[in-house]
Every structure is written in structure tokens, then in C-alpha cells.
Amino acid sequence: MILAAFTVDWYAARAAGIVAYLLLSSSVALGLLLAGRERFDRWPRFAVEDVHRFAGLLAGVFIVVHILLIGIDSQAHLGLRELIVPFASDYRPLWTGLGIVAAELLAALAFTNHYRKRLPYVLWRRLHYVNLAVWVAARAHGLGAGTDAASGWFLALYAVTTAGVAALAARRFSRARKRAPLLSPQRPGLGGGEA
């Protein structure tokens, strides 16, 4: 009976981590679409923004569940220090540390999102790009520290999310580069426009 409880904790912690990663990937993908000023024919923009925010919030909830379940799992042997201090764990320290960094950066970004109306828009927007770094670190954490990292279904899941986010990021940033020359002549002091 005790062995079954340990197994349930372990499976639940793994499941919470995978769900958190999928929700984070969804939120990042929607964020890239929104930042690229994508037009949505079937959904009003505010609805897509709400789904983006809700996916990010749910990702945070599942990250907390993932961390708590690992903390109570006696097989993991991770104390409070190993759960909150990056790279302090004896278990795959680089990969576990990247997960902790991702979770802590996401918490900081949640704070800035909560106060986004009080921050200058440009600052909030630039801070929001840290979400891509959070996603990359979370991806590395799952692949490096995840016990399912060698399974075909797990690798397929990560391949699909990586391809999707990479394609959306490439599209988003290539569009930004195409628009940049149009904007630069209007900026004083950049050599292309009138002051």
C-alpha cells in the first residue's frame, strides 16, 4: 500500500510537469500569434488574449502542483533547498536547475503581468519576451530531467511543440524585421528621417 502511494506521487508529478509544459507551449504559441498582430477570423482578438492568459495561469498552477508533488515524493529526495535554489539538486543538477530557473522567471513574469497597467508598455513588452527563455528552459528541463525523455511519445510531443513554437517565432520575428525599415525613418536621430 505504501509503495502504491509513492508510485501515485511519482506519476502525478510527471503528469503535472507534462501538462504544465503543454500549457506553457500553448500560451507561448498564442503569445507569438498575438504579438505578430495575427488576424483571427473565427475568434475575436480579446477571446484569444483571454485564452493566452488563462493557459499561462494554468501552466503556473500545474508547475506549482509539479513542484509540490516532487517535494512530497520520498523517492525524489528533494528538500526545500533543492526545490527553490537552481542547480542545488544532486539529481541531474543542470536540467533540474533549468526547471527551477524557468519556474522562478515565470513567477516574476506573472508579477509583471499583474501590474502591466502600471508599467510602461515598452518595458512590459520587453519583459514579456522573457517568456521565450522560460519556454526554452522548461523544454530543456523536461528533456534532461524528465524520466520519460527516452520514450517515443514524449519525444514526439516535444518535437511537435518545438516545431510549432519555432515556426511561430520565426514568422513573428521575420515580420518584425520587415516592418522595422518602415519605422526607422520616422525616428529622429537614426539617420533616416527628419528630426
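How high is the FRET efficiency between Phe46 and Leu132 when r is their beta carbon distance and R₀ equals 25 Å, given to the nearest 0.05?
Working: r = 23 Å, r/R0 = 0.93.
According to the calculation, E is roughly 0.60.
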Average accessible surface area per residue within the chain, 1.4 Å rolling probe, Å²: 62
The alpha-carbon center of the range 26-92 and that of the range 110-165 are separated, in whole Å, by 7
Of all accessible heavy-atom area on the chain, the percent that carbon and sulfur account for (1.4 Å): 69
Looking only at Leu80, Leu69, Leu105, which one moves most when the chain is put into a Gaussian network model with springs between Cα atoms under 10 Å? Leu80
The answer for chymotrypsin sites (Phe, Trp or Tyr not before Pro) in the range 73-105 that fall in a DSSP coil and have at most 13 neighbouring Cβ atoms within 10 Å is Phe87, Tyr91
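The values are calculated or read from the model by the stated rules, or taken from the named source; none is laboratory data. Because the structure is predicted, anything quoted here is derived from the model rather than measured. For neighbour counting, all protein chains shown are included, and Cβ atoms are generated from backbone atoms with ideal geometry for every residue, glycine included. Heads up: the accessible areas ignore ligands, DNA and RNA and are worked out on the full protein's heavy atoms, side chains in. Shrake-Rupley method; radii C 1.70, N 1.55, O 1.52, S 1.80 Å.
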